[in-house]
Structures are given as C-alpha cells and as structure tokens.
Amino acid sequence: MRVVILGSGRGSNAEAILQAQAAGRLGAARVVQIYSDKPDAGILALGPRFGVPAAFIDPAPFKTKLEGPGEDRFVAAIEAARPDLVVLAGFMRVLKPKFLGAFAGKIINLHPSLLPAFPGLDGIGQAFRAGVKVTGCTVHDVTLEVDAGKIIEQAQVPIEPADTIETLTAKVHAAEHGLLPSVIARLSQESK
Ligand code: GAR
C-alpha cells in the first residue's frame with residue numbers, strides 16, 4: 001500500500017509513521033512521498049532522515065483552503081506518486097472537490113479530539129477549556145464537510161485535575177503517535 005503523507009507542521013506524526021515502518025510495524029504500507037504546503041515545515045526534514053522524497057508544493061493563492069492553481073499542483077504531484085492512501089498528518093488546509101474526487105475514498109485525517117466533539121482548529125485547547133474529563137484523537141475519512149467524515153478509530157486521553165494545556169497536549173500527541181501508524185497498518189492488511 002503506497003502512502004503519501006501531507007503535513008504543514010512539525011511532522012511528529014509523520015515521524016511516528018516512518019519509525020513504525022522502520023521497525024516493521026506498518027503492515028504492508030510503505031511511505032513513498034511527503035508533501036508540505038509550508039516551505040520551512042519540520043515535516044520536510046524527515047525526508048532525508050528516512051530516505052523518503054519530501055517536497056514543498058506552492059499552495060497559492062489561498063491561505064486556509066486548497067483550491068485553484070495550488071490544488072492543481074498538489075493533485076498532479078500526488079497522482080504521480082500513485083498513492084493507495086493519502087494521510088493528512090497536520091495538513092492545515094481545507095480540501096475541495098477536485099482534490100477529494102482525485103483520491104476518493106483514499107484520504108484519511110488525524111484530528112486531536114474525540115470527534116464529533118471539538119472539530120476545527122485547536123481541538124486540544126477546545127477540550128481543555130470546556131473542562132471535559134476525557135478527550136483524545138480521531139482518525140477519520142476526509143469529506144467536504146470539515147472533520148465530519150466516517151470515524152475509523154479513536155484513542156482516549158483522560159484529563160486529570162493536575163493537567164495543564166502543556167501536559168494535555170503532550171498526552172494527546174503521544175496517543176496520536178500510537179493511533180495513526182496502527183490504523184495505517186490495519187488498513188494495509190485489509191486492502192491486501
Ligand atoms: C496533530 O496534533 C494533528 O492532530 C493536528 O495537527 C498536529 C500535527 O502535529 N491536526 C489538526 O489539528 C487537523 N485539524 P505534527 O506536525 O507534529 O504531526
């Protein structure tokens with residue numbers, strides 16, 4: 001199963017996926033390409049470290065969505081990588097019909113809350129401020145409606161009275177680093 005990872009940030013989840021692959025824990029999945037919409041994103045530095053091609057693609061002209069010429073560039077580049085699965089690992093742009101149609105049924109996203117609770121930006125902060133006792137992370141199918149596609153799997157993180165936004169953020173990230181590689185491994189076994 002050929003996997004393309006898209007990310008805008010640090011890339012800690014992409015790193016967890018690549019470490020799982022290196023340790024033989026990614027089933028029949030293999031990361032073939034990393035793309036970012038930010039030229040200086042940490043995720044791009046993983047390419048040379050793990051021997052996977054990694055590149056910036058200009059997302060212009062929009063700031064928060066991928067549409068128009070930037071969308072065309074992403075679709076063409078990803079199609080050239082012939083993915084069976086496109087993994088959004090901290091890719092902070094709203095996807096539009098052309099992209100979704102090009103990779104229909106093959107796009108999954110990681111979100112840092114127990115969806116349908118706390119969709120959108122800052123899922124961890126939203127849960128912390130709401131005072132819920134349990135939050136977590138979700139891997140779900142990507143559809144036109146943001147953070148609303150079918151839930152594939154979730155991991156829970158209890159919020160303790162002593163937690164701060166910093167400790168909670170670290171716990172949710174740790175849960176994500178376990179969840180996302182295990183979902184990819186499972187999907188790769190099911191698709192065989
Ligand atoms: C992750 O916490 C992921 O859940 C979140 O961005 C972070 C990326 O971290 N995604 C969203 O909020 C999507 N709405 P990383 O770059 O270290 O993997």
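Where both partners of a DSSP beta bridge lie in the range 38-149, what percent of those bridges are antiparallel, to the nearest 5?
45
Taking a cut-off of 25 Å between Cα atoms, list the lysines near residue 38, but don't count ones fewer than 8 places away on the same chain.
Filter leaves 63, 65, 96, 98, 106.
Per residue, how much space in cubic angstrom lies within the convex hull of the C-alpha atoms of the range 1-77?
For the range 1-77, the hull spanned by Cα atoms encloses 84 Å³ per residue.
Name the residues whose placed amide hydrogens come within less than 5 Å of the amide hydrogen of residue 96, ignoring near sequence neighbours (fewer than 5 apart) on the same chain.
Under 5 Å from the amide H of residue 96: 66.
What is the sum of charges, Lys and Arg at +1 and Asp and Glu at -1, for the other residues whose Cβ falls under 12 Å from the Cβ of residue 5?
Summing Lys/Arg as +1 and Asp/Glu as -1 gives +1.
Output ³J(HN,Hα) for the range 32-44: one whole-Hz value per residue in order, computed from phi by the Karplus curve 6.51 cos²θ - 1.76 cosθ + 1.60 with θ = phi - 60°, and x for Gly and Pro.
Here the 3J(HN,Hα) series is 10, 6, 10, 10, 10, 9, 10, x, 10, 5, x, 4, 5 Hz.
Would you please classify the overall shape of the range 64-127 from the alpha carbon gyration tensor, given that a ≥ b ≥ c denote the square roots of the eigenvalues, rounded means a/c under 1.5, and beyond that prolate means a/b larger than b/c while oblate covers the rest? Could you put the intermediate results ahead of the total?
Details: a/c = 2.67, a/b = 1.86, b/c = 1.44.
Prolate is the answer for the range 64-127, as a/c is 1.5 or above and a/b outweighs b/c.
Where both residues lie in the chain, what percent of DSSP beta bridges are antiparallel, nearest 5?
Roughly 40 percent of the beta bridges in the chain run antiparallel, per DSSP.
Separation of the range 7-28 and the range 80-101 by C-alpha centroid, Å?
17
Go ahead and estimate [θ] at 222 nm for the chain from helices alone: -39,500 (n - 2.57) per DSSP H run with n ≥ 4, summed, over the residue count, rounded to 500.
Computed ellipticity for the chain at 222 nm equals -11000 deg cm²/dmol.
Roughly speaking, what is the stretch gain from residue 151 to residue 63, that is 0.36 nm per residue apart minus the C-alpha to C-alpha distance, in nm to one decimal?
29.0 nm is the gain from fully extending residue 151 to residue 63.
In debye, nearest 20, what is the charge dipole magnitude of the range 1-93 about its Cα centre with +1 on Lys and Arg Cβ and -1 on Asp and Glu Cβ, if you could check? All intermediate terms of the calculation are to be shown ahead of the outcome.
Working: 11 positive and 9 negative charges, 57 e Å.
Taking the Cα centre of the range 1-93 as origin, the dipole is about 280 debye.
Counting pairs of Cα atoms in the chain, how many percent are more than 20 Å apart? Working shown, then result.
Working: 9727 of 18336 pairs.
In whole percent, the long-distance tail amounts to 53.
So if I place +1 on the C-beta of Lys and Arg and -1 on the C-beta of Asp and Glu, and nothing else carries charge, what would the dipole magnitude of the chain be about its Cα centre? I want it in debye, nearest 20.
360
Fewest to most neighbouring Cβ within 10 Å: what's the order for 43, 34?
43, 34
If we count other beta carbons within 10 Å of each Cβ, what is the order of 12, 191, fewest first? Display every interim value, and only then the final one.
Numbers: 12 17, 191 13.
If I rank by nearby Cβ atoms, fewest first, I get 191, 12.
In whole Hz, what ³J(HN,Hα) sequence does the range 96-101 give by Karplus (6.51, -1.76, 1.60; θ = phi - 60°), x for Gly and Pro?
Those phi angles translate into 10, x, 4, 5, 4, x Hz.
Residue 37: net charge of surrounding residues, Cβ under 15 Å, Lys/Arg +1, Asp/Glu -1, itself excluded?
Computed value for this residue: +2.
Quick check on the range 98-147: take the gyration tensor over C-alpha atoms, sort the square-rooted eigenvalues as a ≥ b ≥ c, and tell me if it's rounded (a/c under 1.5), prolate or oblate.
prolate
Every number here is computed from the coordinates shown, using simple stated rules; none is lab data. Worth saying up front: this structure is predicted, and the values here are computed from it rather than measured. So basically every Cβ, Gly included, is an ideal-geometry build from the backbone, and we count neighbours across all protein chains shown.
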